[in-house]
Amino acid sequence: MAVLAYSLGKREINQHFTIKNAKLISLIVVALLLLFHTASRFYGGDSCEWLLSRGRFLGENVWQPYGCMMHKYKTTEAKTCLAEKRVAFVGDSRIRQLFYSFIKIIDPQQREDGNKHEDISFEDDSSSVNVDFLWHPEANNSMKERLISWTRETSAKPDVVILGAATWSIKLHSGSTETLQQYKVNLTAIAVHLEKLADPGEVYWVLQDPVNEEMLSENRKMITNQQLELYNEAAAYVLNSSKRNGRSKVKLLAASRQAALETITQSVDGLHLPEGTLSGSMVLMNSVCNKLLRPIDGSCCQTLRPPNFLQKLAACFFLGSALVFLVLHILGSNRHRRPVPPDVESLEEKKPATATTPLGPKAPFQALCRMGVIMGYFYLCDRADVFMKEQKFYTHYTFFIPLIYIFVLGVFYSENSKETKLLNREQTDEWKGWMQLVILIYHISGASAFIPVYMHVRVLVAAYLFQTGYGHFSFFWLKGDFGLYRVCQVLFRLNFLVLVLCMVMDRPYQFYYFVPLVTFWFVVIYATMAMWPQILQKKANSSGIWHLGVLAKLLGLLLFICFFAFSQGVFVSIFSVWPISKLFELNGSIHEWWFRWKLDRFVMIHGMLFAFIYLVLQKRQVLSEGKGENLFSAKISNLLLFLSVVFFITYSIWASSCKTKTECNEMHPYISVVQILAFILIRNIPGYARSIYSSFFAWFGKISLELFICQYHIWLAADTKGILVLIPGNPSLNIMVSTFIFVCVAHEISLITNDLAQVVIPKDSMALLKRLGALGLIKNKHWECNC
């Protein structure tokens, strides 16, 4: 009865919630979100105002501004930004504390050894940065005269001024109402000169942080939070009253006050924040420097970059395709749309459709039109200043709770497998699916900071490459199809989305590191299997000596890999040669390519060798692959299962005991295969395990490549450095909505890729050669222009 209810429940869900309906809903949601965020930008201020005014703590001392990402500036970056600039901090001991926090970003070795009630100067000779603290504890004539002198002497005028004062006025006059009124009068007089300094410089008035009244000494007891709030309201009222063109040029720094609400309880004297908890200095650095240095993970206060030539060209191409589609649609061209093949897949396992209805002339332009809309969404998410972004912050909760949730869903959608062979199609799709979901959770939770999780995810990436070796070796060994059509199909399906993103998102090919890695190893596998002598299963069946030939090829490939792995200079010199360097460079260096290649250099051979051994054993009928049958005899099966579990757990224990990523990464290429093989045996030796699979995971496995690439820009943000925020103020709901849209987009891209592959890669060899020749000429002209 329970099984029946379970099956009916799944059927009911699948009947009403189809992928087509999901995509329609996601399109409507995106349109509504676009309207909401555009309106909020227009009426609710920009990211600079958000940075200075609002935020929350993600964890201990990790400040998250509302709606944007705050870059953590390093010494070299701070010196570059502030080179030949003068910065002045004017105020009381609280401003002095902010001054020290600020200059420690420039020089972390700086000590707080200045006299308490005197001016303090800091200068960095290497960058000609001058930062001064000027002791003016009250907003009075003394402070005003200092500002007037700067407006008259332009040579001494600071580029950035940070001011704040109130506690001394409250302390000296016991918080009287008359003093508050005088504060307003003085600040009104000062505001005129602040406006002058703010043109063209930058002026910040720091609102007063709260105090811990219980910790205040007797001579400070009159400084209450109620009094500070009155002074803050007065400062905000006066400075906002001096607006010009609808906005005051003097910026109010209120974010540090909000942050202090959670850290002032740790204060020693009740007045000053504990060392290391001041977020105001980094907020100031982001406000001043983000628009100059444009850090990718600092979206606050960044101006919108104009699209470059390739981005404009891509926009024109997609618009042109939309116009052609519209014309063909009006003229009533073939309205037939090819039915989607039931096994649309991702990665190297995708097979070209062989018995599908030919596409009409309108279909390619319709596919490009859909792709253009999707690329517009990509651009709005990660290149335009429309949607919000936030920083990642790892906790065990944010990683393991979603992990448990998806595995419960995976078990819920368990079904009987159509075939029970080892690593059958449904099982490999399932494998890719759950691995991809784990990797997605790993990325969005920032779990790379936790070494045990990092090392296990490294095994998952290695497992993808293992499947690359296994899948392609099996295909070439069994089919013997080394034709150009097959090669171009695989290369197109692997690279189409990435090449489009390279243009639209202005990113190098190596930025999407997994695609270059899989493409490279596919070419290596193809060359290894295609080179003389071509050894296929048919030939090996005639004579066992050919099996040794295959092993010799794999040994030669292993030696080839070892040579490059231990000859970094040779590797770098080869991949630094133009035009190869254009494919593998990232930020002018191939270091990232070297790291990625070296990290999983052996696992592809492991996959090929495993496929060879399995196919030979299968051919000799050593394995029992019937439904419900164990893969081996009972004794061997039990022994292998026991060893697999032991090795699987042993690897996990080792990964959990690693001290550093560098130490673990050195061992990873040699031992990652242990856990991969252990998983395969645990999953395949029992007959009942091979007879079922999770259709939930398998569905995601069919679009795993698209999911991996799309996450860079429409699920994560700032090129994976942050998280896309579509629903501000509700992290859980935001993840649900953004994930829903993200998955729908990935699935649609997989269909578009499948449609265009049939058009771009014709089966006719002559037509294919002509297109490749034309592509080569275009590339040659492009490189000549760049030269």
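Comparison of Phe560, Phe511 shows that the only residue that is surrounded by fewer than 17 Cβ atoms within 10 Å (Cβ to Cβ), more than 30 Å from Ser765 (Cα to Cα) and out of contact with any Lys or Arg (no Cβ under 9 Å at 6 or more places or on another chain) is Phe560. Here Asp506 clears all of (1) in a helix (DSSP H, G or I); (2) open to solvent by 20 Å² or more (accessible area, probe 1.4 Å) except the condition numbered (1). Filtering the range 412-422 to residues that are out of contact with any Gly (no Cβ under 9 Å at 6 or more places or on another chain) and in a loop (DSSP other than H, G, I, E, B) leaves Tyr413, Ser417, Lys418, Glu419, Lys421, Leu422.
Does Trp578 satisfy being exposed (fewer than 12 other Cβ atoms within 10 Å of the Cβ) and touching a helix residue (DSSP H, G or I) at 6+ places or on another chain (Cβ under 9 Å)? In short, yes. Considering (1) in contact with a Lys or Arg (Cβ under 9 Å, 6 or more places away or on another chain); (2) surrounded by fewer than 20 Cβ atoms within 10 Å (Cβ to Cβ); (3) farther than 20 Å from Phe679 by Cα, the lone condition that Tyr397 does not fulfil carries the number (1). Only one of the listed residues (Ser279, Ser299, Ser287) is in contact with a Leu (Cβ under 8 Å, 6 or more places away or on another chain) and either open to solvent by less than 60 Å² (accessible area, probe 1.4 Å) or free of Cβ contacts under 8 Å to residues at least 24 places away in the same chain (or both). That residue is Ser287.
Has the range 37-47 got any residue that is modelled with pLDDT of 90 or more, in contact with a helix residue (DSSP H, G or I) (Cβ under 7 Å, 6 or more places away or on another chain) and surrounded by 14 or more Cβ atoms within 10 Å (Cβ to Cβ)? No, because not a single residue in the range 37-47 is modelled with pLDDT of 90 or more, in contact with a helix residue (DSSP H, G or I) (Cβ under 7 Å, 6 or more places away or on another chain) and surrounded by 14 or more Cβ atoms within 10 Å (Cβ to Cβ).
When you check Arg493 against the structure, is it of a type outside the set (Gly, Ala, Ser), under 20 Å from the mean Cα position of the chain (by Cα) and in a helix (DSSP H, G or I), yes or no?
no
For the range 202-236, filtered to residues that are in contact with a Pro (Cβ under 9 Å, 6 or more places away or on another chain) and surrounded by fewer than 18 Cβ atoms within 10 Å (Cβ to Cβ), the residue that is nearest to Leu82 (Cα to Cα) is Glu229.
Out of all the residues in the range 538-550, is one or more surrounded by 12 or more Cβ atoms within 10 Å (Cβ to Cβ), in contact with a strand residue (DSSP E or B) (Cβ under 7 Å, 6 or more places away or on another chain) and assigned to a helix (DSSP H, G or I)? No, the range 538-550 contains no residue that is surrounded by 12 or more Cβ atoms within 10 Å (Cβ to Cβ), in contact with a strand residue (DSSP E or B) (Cβ under 7 Å, 6 or more places away or on another chain) and assigned to a helix (DSSP H, G or I). With respect to Lys85, determine if the residue is surrounded by 14 or more Cβ atoms within 10 Å (Cβ to Cβ) and under 30 Å from Asp297 (Cβ atoms). Judged against the criteria, Lys85 is a match.
Does Phe679 satisfy the criteria of being open to solvent by 20 Å² or more (accessible area, probe 1.4 Å), in contact with a helix residue (DSSP H, G or I) (Cβ under 7 Å, 6 or more places away or on another chain), assigned to a helix (DSSP H, G or I) and on the phi < 0 side of the Ramachandran plot? Spelling it out, Phe679 is indeed open to solvent by 20 Å² or more (accessible area, probe 1.4 Å), in contact with a helix residue (DSSP H, G or I) (Cβ under 7 Å, 6 or more places away or on another chain), assigned to a helix (DSSP H, G or I) and on the phi < 0 side of the Ramachandran plot. Ala530 meets the conditions (1) over 29 Å from the mean Cα position of the chain (by Cα); (2) open to solvent by 50 Å² or more (accessible area, probe 1.4 Å) in every case but one. The failed one is (2).
Scanning the range 690-730 for residues that are among the small types (Gly, Ala, Ser) and in contact (Cβ under 8 Å) with a residue 40 or more places away in the chain turns up Ser691, Ser694, Ser695, Ala698, Gly701, Ser704, Ala717, Ala718, Gly722. Just one residue in the set Gly480, Gly446, Gly471, Gly433 is more than 29 Å from the chain's Cα centre (by Cα) and small (Gly, Ala, Ser); that residue is Gly480.
If we keep just the residues of the range 269-303 that are in a loop (DSSP other than H, G, I, E, B) and touching a strand residue (DSSP E or B) at 6+ places or on another chain (Cβ under 8 Å), which is nearest to Glu214 (Cα to Cα)?
The residue in question is Ser279.
The residues of the range 48-80 that are within 30 Å of Arg146 (Cβ to Cβ) and touching a strand residue (DSSP E or B) at 6+ places or on another chain (Cβ under 9 Å), listed by number, are Cys48, Glu49, Leu51, Leu52, Ser53, Ala78, Lys79.
The values are calculated or read from the model by the stated rules, or taken from the named source; none is laboratory data. Quantities reported herein were computed from a predicted structural model and do not represent experimental measurements. Note that we place each Cβ from the backbone using ideal geometry, even for glycine, and neighbour counts take in every protein chain shown. Surface accessibility is based on the protein's heavy atoms, side chains included, excluding ligands, DNA and RNA. Shrake-Rupley method; radii C 1.70, N 1.55, O 1.52, S 1.80 Å.
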